[in-house]
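**Q** Below is one structure. I have some questions about it.
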Amino acid sequence: MRIRSILPHNLTKATEHKLMFLIHDSKELQYIHAFLLKTSLHSNNFIIAKLLRNFPFNSSGNLRYARTVFDELPNPDTFLWNTMIRACLNLQNYDECLSLFRRLRRQDNLFIDSFSLSVVVQACGRSNFVQNGQTIHTQVLKLGFDRDLFVQTGLTEMYVKFGWVEFARKVFGEMKHPDLVSYNVLLAEYVRIGEIDFARQLFDKMPQRDLVSWNIMIHGYTSLGCCSNRSLSNEALRLFDEMQLAKLLPDKITIVSVLSACGDLGALRVGKTVHKYIKMNQIEIDIKLGTSLVNMYAKCGDIANASYVFNEMKSKDVFSWSAMIMGLANHGYGGAALDHFHAMIYEGIKPNGVTFIGVLSACSHIGLVNSGWKYFNSMRDAYGLEPEVEHYGCMVDILCRAGHLNAARNFIRNMPFKPDAIIWRTLLNACKIYKNLELAEEATSQILSLEAHNDGNYVLLSNIYLQGNKWEESVNIRRKMNEISIQKVVGNSSIEVDNLV
């Protein structure tokens, strides 16, 4: 052990200084602690205190031993109390964080400072300890820290995490001179809970913005745009343009968010421009950035470039493989998708749920019913993954494409949870192809109970009746649409213009 070689019989200032930088884990701390106790050095408590201040609290084991050492100190100062409280917060031991704070409150000879309060407030927010959070806010008021910027920022973050947006805005509004950190904290919390409009209002009012501010907003628009609203992804690209006009250079966080927006929108030209920027500035393509590029190219239909980036990646994880498998499966390369899956397993990488969506989609596109069943069953049997509704939907699609409509209906009826409208619509589309009116009516009845005002469901059933020469039934469906004021939504398409879609 390196420490053994520098421990003399008497500790000098130079030796103390060396120890501060040599301690890396609890074993080294234990050795020093034992040495000090054994030699009964007069300055042992002082040295232990200094060691704790520099101790790497990076695991629960380290924390437990450091806590043991801490409890033996006769008079730890506020800084040491804060060090231990902060360590508990960083290791997500929120109960212990609060317990230490309460003990600190009972120390007659010590004063709680703004750091103590801000840390314990963060613990309450992250653990959703609502009652404790309110109690500590009361203590903040009693102790006169309600105008401390550090504490106010923590309270703001805490209330947003509770979902109490109005309380958060009130605390933030009471700040005399909120700094950039305070703005970014509230901005990030608004984005985290999906309050993108509140976030944008705050962003527009900020007296100054740094790269963190821009990244928070761009990521917010991208994360919400991918699942609900394409216009939000477009807004992410607009903000990216504005950020460049503000003379701020994007970092990897920016680039990953922008590539995600490009993939959601099919904005291949913008995505290629970003990729060119990466090359020109010699930005290292790590796993996360490489996966983002693969995902963007795959979603935009450029499988050649997706494959090129994927093959050039030095390291790949399950997300990289899954992005490539999904891209191949969704663009008609089912065989290649399955080949990649087997290569991934050969590399010793365990698949996840997304991987199997790609694998099952590949089976669906190339008509591999038996293989689809094999992969579906292997999720639970070989990899310990519980199939979710998306995987059941893929199996329904496999059966329907192969014309096994009755098998698909029975599979749906025996699902462990209620099938959604997408699954029933998959069956309904197959009924149109294979002209099965009986099943079409059953599927439509189920869909309308879930989506009574979706015009596409009525139109599809009406067309199925027309296909089967049931003119009266088709007219009745159209009449019903008029009676409940359902109109067919006009379709639209998108093109890229000036780096927007």
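Just so it is clear, none of the values below were taken in a lab; they were calculated from the coordinates. Here the structure is a predicted model, which means the values were calculated and not measured. With ideal geometry, Cβ positions are generated from the backbone for all residues, glycine too; neighbour counts draw on all protein chains shown.
**Q** Considering the zone a paramagnetic label at Lys374 would reach in this model (a point 7 Å from Cα along the Cα-to-Cβ line), which residues of the range 336-353 have amide N under 13 Å from it?
**A** Correct set: 338-339, 342.
**Q** If you take the beta carbon distance between Asp204 and Trp164 as r and set R0 to 22 Å, what does 1/(1 + (r/R0)^6) give as a FRET efficiency, to the nearest 0.05?
**A** That pair, Asp204 with Trp164, gives E of 0.45.
**Q** If I stretch the segment between Arg413 and Arg147 completely, what's the gain in nm (0.36 nm per residue apart, minus their alpha carbon distance), one decimal?
**A** Computed gain between Arg413 and Arg147 is 89.7 nm.
**Q** Let me know the shape class of the range 94-145, please: from the alpha-carbon gyration tensor, a ≥ b ≥ c as square roots of the eigenvalues, rounded when a/c is under 1.5, otherwise prolate if a/b is greater than b/c, or oblate.
**A** Oblate shape, in that a/c is at least 1.5 and b/c is the bigger or equal ratio.
**Q** Express the C-alpha Rg of the range 63-186 as a ratio against the empirical globular expectation 2.2 N^0.38 Å, rounded to two decimals.
**A** 1.05
**Q** Let me ask something else about it. Can you pull the one-decimal nm distance between simple spin-label points at Ser114 and Glu312, each 7 Å off the Cα toward Cβ?
**A** 4.8
**Q** Can you compute 3J(HN,Hα) from phi for each residue in the range 291-298, using the Karplus curve 6.51 cos²θ - 1.76 cosθ + 1.60 with θ = phi - 60°, rounded to whole Hz and x for Gly and Pro?
**A** The phi angles translate into 4, 5, 5, 4, 4, 4, 4, 5 Hz.
**Q** How far is it, in nm, from the label point at Arg238 to the one at Val459 when both lie 7 Å from their Cα along the line to the Cβ?
**A** So the label points at Arg238 and Val459 sit 2.8 nm apart.
**Q** Quick one: if you stick a label point 7 Å off each Cα along the C-beta vector at Leu466 and Gln92, how many nm between them?
**A** 5.5
**Q** Work out, step by step, the length gained on full extension between Asn75 and Gln282: first 0.36 nm times the residue separation, then minus their alpha carbon distance; give nm to one decimal.
**A** Answer, rounded to one decimal: 69.2 nm.
**Q** Give, as ranges by residue number, the residues of the range 296-337 whose backbone N falls under 16 Å from the point 7 Å along Cα→Cβ of Glu386.
**A** Counting only backbone N, you get no residues.
**Q** Sorted by average packing, counted as other Cβ atoms within 10 angstrom per residue and highest first, what order do 309-315, 251-257, 263-269, 110-116 take?
**A** Most protected by this proxy first, the peptides run 263-269, 251-257, 110-116, 309-315.
**Q** Let me ask you something else. About its Cα centre, what dipole magnitude does the range 56-196 give when the only charges are +1 on Lys and Arg Cβ and -1 on Asp and Glu Cβ, stated in debye to the nearest 20? It would help to have the intermediate numbers written out before the result.
**A** On the way: 15 positive and 15 negative charges, 37 e Å.
Taking the Cα centre of the range 56-196 as origin, the dipole is about 180 debye.
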